[in-house]
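The values are calculated or read from the model by the stated rules, or taken from the named source; none is laboratory data. Because the structure is predicted, anything quoted here is derived from the model rather than measured. Here Cβ is always computed from backbone atoms with ideal geometry, including for glycine, and neighbour counts include all displayed protein chains. Calculation scope for accessible area: heavy atoms of the full protein, side chains included, ligands and nucleic acids excluded. Shrake-Rupley method; radii C 1.70, N 1.55, O 1.52, S 1.80 Å.
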Amino acid sequence: MGRSWGSVAEFEGFLDAGGIVEPVDAMPDEYRQHVFRFIELHANSELMGGLTERDWIPKAPGLRRKLAVLAKTQDEIGHAHLLYMVAADLGVKTRVEMLEDLFANRGRFHNVFHYQAVTWADQVAIAYLVDAAALISQQAVFKNCSYGPYKRILRRIVAEEGFHMRHGEEMLLVFAEGTAVQREMFQAALDRWWWPTLHMFGPPSKPDDALLRWHIKSERNEDLRDKWVQKYATLLTGYGFVPPDPDLRRDPESGRWVTGEIDWAPLKATFANLGPDSARRVADAARHWNETRWVREALESVARRAA
Amino acid sequence: MNRSAVCDRPDPAAFGQQNAVLAALAGVDDPEYPGVSIVELGLLEAVRVDGPRVEVDLVPTFSGCPALAFIAADAEAAVRAVDGVDDVTVRFVSTPVWGPERIAPGARVRIAADFAVAVAVPGRPTSCPVCGAAALVEESMFGPVRCRSIRRCRACGERIETIR
């Protein structure tokens, strides 16, 4: 029932004209692999992010924040759940294979989840800075993504992340308008999270980036990073916080922010799951997976008996 | 909506003010469905206008909904901006219980078209927002938010979040 294309060039012409690929279509295998890996990375990151968020449910200050953290955890685990289904439909790996790869340290997830959130201010920095960076990236993917099921999920994820950002802004204001101790606490968190957030957009895109060519991404990493820097350098310095980059400056002519040189070594370490907190995070996730195995087995046995 | 609570003031001046307050609330979007108002979602239960004082009763979709504080703040700001209003109380009531049948038919169509989210109204077939087939089967009781489950369309294969 699906469509097919005579050649890769013809398929690329279809994508360039704004065509949307559906799971039933006979897409080129290279496209299938790229879309799959991209969605798998996103799903893994939502899951690892959700688990990180969950650690803060008992520690959130006050009932209202606890409710927000609970809801964010459910959002992120729910996004992972949906994304794993969509990735599995591509037929490259099953959902269980993706999860087992992740827990056996063979999977990849976003760099920001390879670091430890030390204090509640770190959680606020994540909600205020990292979620905003994720939103900028996801909006750009949503705008021109050529894979239909992923594009439709992103539309909802973007709406929900926008709502997380409101929480982030509200929590940041508590620190910005708070006591000297609170301001120091957020500054220390900013010192930890500024560079990982810049890294999150990825190293500068190569001219022949397959993700751009296949219309999975629509904007280069450095352009998205620049968008974030322009907005957040202004906001943070406006609140009197100091990003930990001695070379960060405003270009006197264009009025635009220019960062110092970015050291990519920490990002590369996270690609190999060798970030500061990678081992603990993966082991923790694997422990949950093993501890809940009996639940899955019980449900499967009920389903088998019913069939 | 509880009409008796909304329309229990026959005084024409108060009635005009009531309409102005309702119009203001109709302009408040739900934080998770930009473009769909809280009135269309069926969150508004009653409005009472007493001179410059306004009370608004809202029904939460789920009692643990994390958006409640934002919704209340947005509703309060919108009503406060109405001429002649200087005291606004917005509260969430626990009865009646919200259900998807409270979503206005036009909003159900927009939620499907803009967010690819289905609305499961009890006693009515739920169609797939992507292909239109009435072939959704429950896949997971839990989705990203408490008010939505995940269904799968047997016709086109899409995973559909469904407001329940």
**Study point:** Solvent exposure, largest accessible area first (probe 1.4 Å, DNA, RNA and ligands not counted), of A:Ser254, A:Ser218, B:Ser37
**Key:** A:Ser254, A:Ser218, B:Ser37
Study note, to complete from the structure: Simple spin-label estimate for B:Met141/A:Val295, 7 Å along Cα→Cβ, in nm, reads 1.1
**Study point:** Relative pair counts by distance (%), Cα atoms of the protein assembly as shown, 20 Å bins
**Key:** 21, 52, 25, 2
**Study point:** trypsin sites (Lys or Arg not before Pro) lying in DSSP loop within the stretch A:74-146, provided at most 12 other Cβ fall within 10 Å
**Key:** A:Arg106
Point to revise | Computed helical MRE - 222 nm, chain A, DSSP H runs ≥ 4 contributing -39500 (n - 2.57), nearest 500 | key: -21000 deg cm²/dmol
Study note, to complete from the structure: Out of A:Pro58, A:Pro243, A:Pro23, a Gaussian network model of chain A with alpha-carbon springs under 10 Å gives the largest mean-square fluctuation to A:Pro58
Revision key, fill the gap. Counting Lys and Arg as +1 and Asp and Glu as -1 over every other residue whose Cβ sits under 13 Å from the Cβ of A:Gly275, the net charge comes to +4
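When DSSP assigns beta bridges and you keep just the ones with both residues in the protein assembly as shown, what percent turn out antiparallel, to the nearest 5?
Counting only bridges with both partners in the protein assembly as shown, antiparallel ones make up about 65 percent.
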Exercise for review: Run a plain Debye calculation on the stretch B:12-92 (Cα atoms as equal point scatterers, no solvent) and give log10 I(q)/I(0) at q = 0.18 Å⁻¹, rounded to two decimals, same order as the q list.
Suggested key: -0.66
**Study point:** Contact order normalised by residue count of chain A, Cα under 8 Å, 6+ apart, percent
**Key:** 20
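Using just the helices of chain B, give the 222 nm mean residue ellipticity in deg cm²/dmol: DSSP H runs with n ≥ 4 each add -39,500 (n - 2.57), and the total is spread over all residues, rounded to 500. Mind showing how you got there, number by number?
Numbers: 4 runs with 43 residues, N = 164.
So the calculated ellipticity at 222 nm is -8000 deg cm²/dmol.
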**Study point:** Cα centroid of the stretch B:84-131 to Cα centroid of the stretch A:231-280, whole Å
**Key:** 42
Point to revise | Separation between Cα centres of the stretch A:179-209 and the stretch A:1-63, rounded to whole Å | key: 25
